[in-house]
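First comes the structure, then the notes that go with it.
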Amino acid sequence: MGLEREKADTRIFMDDDSFPRSGGPALSEAEKCAEDELDRDPHGLNAHLQLGFEDVIAEPELTHSFDKVWICSHALFELSKYLLYKLLTLVLAIPLALVVGIVFAVLSCLHIWIVVPFVKTCLMVLPSVQTIWKSLTDVFVVPFFQSIGRCFAMVNIRLDQE
C-alpha cells in the first residue's frame with residue numbers, strides 16, 4: 001500500500017454576465033449602491049489631492065537609501081498623513097462647515113435680495129439716464145468742443161527744412 005495520487009481535472013464554469021470585466025471584485029447590486037454612496041467627491045473637486053508617497057518623495061536610480069529606511073519612511077509618511085488628516089478633520093471639520101455654510105447663506109441672500117434687484121433696477125432706469133445724459137452732453141459739452149475745434153481749425157503748422 002503506497003500513496004496514490006489522483007490527477008483531478010477541475011473546471012470552473014461561469015456565466016459571462018456575472019463575470020466582472022474590470023478585474024475588480026464582483027459586487028452585488030446592494031454592494032454597488034453602498035459603494036456608490038461612499039464616494040464623497042463625486043464631481044472630482046479634490047482629485048489633485050490624491051498624493052502618494054512616490055508622488056512626493058522619489059529617489060533616482062543611482063541614489064537609493066537602505067530598503068528598511070525606505071519602507072519605514074513610507075510607512076511613517078502614510079501613517080502621519082492618515083492620522084493628521086483624521087485629527088484635523090475631527091477638530092476643524094464641524095466648525096469650518098458651519099462657517100462656510102453661514103458664508104454661503106449670506107452670499108446667497110445678498111445676491112438674491114440685493115444684487116439682482118439692484119442690477120435689474122439699473123437696467124430698467126438706464127434708458128432714461130441715457131436720454132438725460134445725451135441731452136446734457138448735447139447742451140453743454142458738444143458746443144464747447146465745437147468752438148474749441150473752430151479756434152484750432154485756423155491754426156496752420158508749417159515745417160521748413162533749412
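Coordinate-derived values only; no laboratory data. This one's a predicted model, so the numbers in the text were calculated from it and none came from an experiment. Positions of Cβ are generated from backbone atoms using ideal geometry, with glycine treated the same way; all protein chains shown enter the neighbour counts.
Miscellaneous remarks
- For T137 and L159, a Förster radius of 45 Å and the Cβ-Cβ distance give a FRET efficiency of 0.80, rounded to the nearest 0.05.
- Whole-number Å³ per residue for the convex hull built on Cα positions in the stretch 71-162: 286 Å³
- Projected label distance in nm at T89 and A47, using a 7 Å step from Cα toward the beta-carbon: 2.0 nm
- Sequentially through the stretch 49-62, phi angles give Karplus couplings (6.51, -1.76, 1.60; θ = phi - 60°) of 8, 7, 9, x, 4, 5, 6, 9, 10, 9, 9, x, 3, 8 Hz, Gly and Pro residues having no value and appearing as x.
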